[in-house]
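Have a look at the structure below, then the notes.
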Amino acid sequence: RKTVRAIDELQQLIGLPAALHRIESYDISNTSGALNVGSMVVYIDGRPRSNAYRKFRIHSVQGPDDYASMREMLTRRFRHGLREREENRESGRADTQGSFSFLPELVLMDGGKGQVGICEEVLEELGICGVTVCGMIKDERHRTRALLYRNEELPIRENSEAFKLLTRIQDEVHRFAIEYHRSLRTKKQIHSLLDDIPGIG
């Protein structure tokens, strides 16, 4: 019941005209611009769908440029989704909630106006309509205190179920990005010159 209430509160807060089933959130992680990675978490009807999570190794960005890294990740995600959707139509398969082809009703960016603008630009460039994009604005304790929607801050009550859901999503997208980045950093630290010799493992 609390999960259903959280979705209802979120939908009313933003003023979404259609039912809210799929939420996606994105984050970037790096160490001083090294090993840029991105994470995508998916919530279906207010619950995490871990088999739909995705990790992205950022290829086109050198240095600490979160905006450019986010643009690459979002472009790859939505371009892949459009391609998968077209393949499903040609083969008669249905789009499933766990796949890229199922587009979200709501995207939550772990940042403010800049990241929201990048996501909206990517969606417009790819001709994707019907996806609402919001930024998660933090308080002094780094919790989401408001959503940024159409350049307007929508405050969220701390005791509301929507606040608790957004906090869970924010924590989850951070955790997923950091764990992926940590695993790559660990592999790099134990790399040996011997590993570069063909035939040597």
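Need one value: the accessible area of Arg71 in square angstrom, 1.4 angstrom probe, rounded to the nearest 10.
Rounded to the nearest 10, the figure is 80 Å².
Give the calculated FRET efficiency between Arg150 and Arg79 to the nearest 0.05, with a Förster radius of 30 Å applied to their Cβ-Cβ distance.
0.75
Starting from the Cα gyration tensor of segment 1-100, multiply each eigenvalue by 5, take the square root, and state the resulting semi-axes largest first in whole Å.
Value: 27, 20, 12 Å, ordered largest first.
In the calculated pair distance distribution of the chain, what percentage of Cα-Cα distances lie above 29 Å?
27 percent
Calculate, in nm to one decimal, what Val4 and Leu126 gain on full extension: separation in residues at 0.36 nm each, minus their alpha carbon distance.
Separation in residues times 0.36 nm, less the Cα-Cα distance, equals 40.7 nm.
Would you list the membrane-span-like helices of the chain, meaning whole DSSP H runs whose alpha-carbon atoms span at least 15 Å along their axis and whose mean Kyte-Doolittle value is at least -0.5?
2-14, 113-125
What accessible area per residue comes out for the chain, rounded to a whole number of Å², with a 1.4 Å probe?
With all protein chains present, the chain gives 54 Å² per residue.
Do you know the Lys pair count in the chain for C-alpha distances under 27 Å, with sequence separation 8 or more or different chains?
Value for the chain: 10.
With all protein chains present, how much of the accessible area of the chain (probe radius 1.4 Å) comes from carbon and sulfur, to the nearest whole percent?
Here carbon and sulfur together make up 49 percent of the probe-accessible area.
Keeping all protein chains in place and using 1.4 angstrom, which order do Lys164, Lys55, Lys138 fall into by accessible surface area, from largest down?
Order by accessible area, largest first: Lys55, Lys164, Lys138.
The values are calculated or read from the model by the stated rules, or taken from the named source; none is laboratory data. Here the structure is a predicted model, which is why all the values come from computation and not from measurement. With ideal geometry, Cβ positions are generated from the backbone for all residues, glycine too; neighbour counts draw on all protein chains shown. What goes into the accessible areas is simple: the full protein's heavy atoms, side chains included, and nothing from ligands, DNA or RNA. Shrake-Rupley method; radii C 1.70, N 1.55, O 1.52, S 1.80 Å.
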